[in-house]
Amino acid sequence: MDVIPYSRQSINEEDISLLSKAMSSDFLTQGPKIAEFEHALEEYFGVKHAVVCSSGTAALHLAYAAAGMNSESLGIVPAITFAATANAVRYQGGEVQFCDVEPDTGLISIESLQECLSRVSEKQKEKNNLIAPVSFAGAVAPLAQCQKLASENNFILVEDASHSPGASTPDEQEGTISSCSGIHALASTLSFHPVKHICAGEGGAVLTNDLHVAQKALRLRSHGINRPFTETDDMPWYYEQESLGWNYRLTDLQATLGLSQLSRLDDFLAKRRKLARRYDQRLRESPFQEHINCPPFERGHAWHLYIIRFKEESLRNLAYKYLKSKNILTQVHYIPVYKHPYYQKQNQGFQLPGAEKFFQGCLSIPMYPDLKEKEQDRVLETLEQFLLKG
């Protein structure tokens, strides 16, 4: 029986053909495809600047650094996320403070964020501090409320939008809030890992409407080097390192694949949403509803992940093993970051109730554009068998 992964890339013949052409071009890296991909991202998401880079983690690091984070900074990060959201604060030498999430969605809790900010000293508020809401699993974080609190407390807002390109949500006061739009955040970051909406093998991007942030991220991704002269100047070859940067460049091969994938993003989103509706319809029936809570979302969700939550924690672990025995792979998103040994050293005995409750029963079941309905039916039938066998 074929293995059904929890997620996977969607590669077609056009992707392969374009990559083959790119392989025979003059530039495998630092060529014209980089700017082409950046412009396409700007057009799609309606932002002024896109800076592509080597990974989603690199995008977070570039965004935080370009926003001015340093060793005196504080970064407030929701506990339910991939560790990179917090790690990029530490890369800059800053301190991480974990914020709680809503137990039914995994999205950052505004009440907890208010509490975190209330504990920040006035002296600390004078530093270059940051809030990093995560638009988790494909749902947009409460960006307008986060931005209001950030502004009131002299914090910068950077959205981790790795899960949510193309997502939006209605808001009574703001109209439609879209992820990655740069309306509420100084910058948003994307990931082009194979399980994400846009696959470039690896890769990421910083999206922003702020020219200074874009220019600094652009410089830092390539060793901190600046080229002040143009081809018409006396020394067009001249360059100088202005700051300590990194080699976070994306290759032209990755940009070529990213461009091809971006052209199909709307189709990917439509397929994910159709699959989510099928899951919703079946999982709200018996015997599922007695044991499982479905994601509480409707329109606008980008469905990077479809996360069910077992009402009994023990069932989650047993279901994971049972499904794997039937060649159906699932995953847990996420262990609260403060539970990892690196952060436990600094947060002994620390817990957040919303994050703990969300984590206890969460399980991501297969969700990707190429998941066939018969495969989805197999996931549901196998999950039903597990629940009925007790």
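The values are calculated or read from the model by the stated rules, or taken from the named source; none is laboratory data. Everything numeric here is computed off the predicted structure, so don't read it as measured data. Backbone-built Cβ (ideal geometry, glycine too); neighbour counts: all protein chains shown. Heavy atoms of the whole protein, side chains included, go into the accessibility calculation; ligands, DNA and RNA do not. Shrake-Rupley method; radii C 1.70, N 1.55, O 1.52, S 1.80 Å.
Considering only residues that are part of a loop (DSSP other than H, G, I, E, B) and basic (Lys, Arg), which ones fall in the stretch 123-133? Show your work before the answer.
Pass one, the stretch 123-133, residues part of a loop (DSSP other than H, G, I, E, B): 123, 127-128, 132-133.
Residues satisfying the conditions are LYS123, LYS127.
Identify the single condition in (1) open to solvent by less than 10 Å² (accessible area, probe 1.4 Å); (2) assigned to a loop (DSSP other than H, G, I, E, B); (3) hydroxyl-bearing (Ser, Thr, Tyr) that TYR334 does not satisfy, given that it satisfies every other one.
(1)
Return the residues of the stretch 85-108 that are open to solvent by 10 Å² or more (accessible area, probe 1.4 Å), out of contact with any Lys or Arg (no Cβ under 9 Å at 6 or more places or on another chain) and touching a residue at least 12 places away in the same chain (Cβ under 8 Å); say none if nothing qualifies.
Once the filter is applied, which keeps residues that are open to solvent by 10 Å² or more (accessible area, probe 1.4 Å), out of contact with any Lys or Arg (no Cβ under 9 Å at 6 or more places or on another chain) and touching a residue at least 12 places away in the same chain (Cβ under 8 Å), the stretch 85-108 yields ASN87, TYR91, GLN92, GLY93, GLU95, ASP100, GLU102, THR105, LEU107.
I need every pair where a residue in the stretch 64-80 that is closer than 28 Å to THR105 by Cβ has its Cβ under 6 Å from the Cβ of a residue that is part of a loop (DSSP other than H, G, I, E, B) and open to solvent by less than 10 Å² (accessible area, probe 1.4 Å), sequence separation at least 6 or different chains.
MET69/GLY94; SER73/GLY94; GLY75/GLY94; VAL77/ALA132; ALA79/PRO336; ILE80/GLY106
For the stretch 302-331, give me each residue that is out of contact with any Pro (no Cβ under 8 Å at 6 or more places or on another chain), in a loop (DSSP other than H, G, I, E, B) and open to solvent by less than 70 Å² (accessible area, probe 1.4 Å).
The answer is TRP303, HIS304, LEU305, ASN327.
Just give me the residues in the stretch 268-301 being surrounded by 14 or more Cβ atoms within 10 Å (Cβ to Cβ), out of contact with any Phe, Trp or Tyr (no Cβ under 9 Å at 6 or more places or on another chain) and part of a loop (DSSP other than H, G, I, E, B), in sequence order.
Answer for the stretch 268-301, where residues must be surrounded by 14 or more Cβ atoms within 10 Å (Cβ to Cβ), out of contact with any Phe, Trp or Tyr (no Cβ under 9 Å at 6 or more places or on another chain) and part of a loop (DSSP other than H, G, I, E, B): GLY300, HIS301.
Would you pick out the residues in the stretch 134-172 that are among the β-branched types (Val, Ile, Thr) and assigned to a loop (DSSP other than H, G, I, E, B)?
Result: VAL140, single match.
What number of residues within the stretch 195-244 are open to solvent by 40 Å² or more (accessible area, probe 1.4 Å) and in a helix (DSSP H, G or I)?
Final tally of qualifying residues: 6.
Please determine, by comparing only the residues of the stretch 170-194 that are at pLDDT 95 or above and farther than 19 Å from GLN254 by Cα, which one is most open to solvent (accessible area, probe 1.4 Å). Give the derivation first.
Quick first cut of the stretch 170-194, residues at pLDDT 95 or above only: 185-194.
From the residues that got through so far, the ones that are farther than 19 Å from GLN254 by Cα too are 185-188.
Values: ALA185: 12, LEU186: 49, ALA187: 1, SER188: 2 Å².
Filtering first and then ranking leaves LEU186.
Being of a type in the set (A, V, I, L, M) and either open to solvent by less than 70 Å² (accessible area, probe 1.4 Å) or touching a Ser or Thr at 6+ places or on another chain (Cβ under 7 Å) (or both) is the filter here; which residues of the stretch 1-25 pass it?
Selection gives ILE4, LEU18, LEU19, ALA22.
Against the conditions (1) among the aliphatic types (A, V, I, L, M); (2) surrounded by fewer than 24 Cβ atoms within 10 Å (Cβ to Cβ); (3) within 16 Å of the chain's Cα centre (by Cα), where does LEU62 fall short? Just the number, please.
Looking at each condition in turn, LEU62 falls short on (2).
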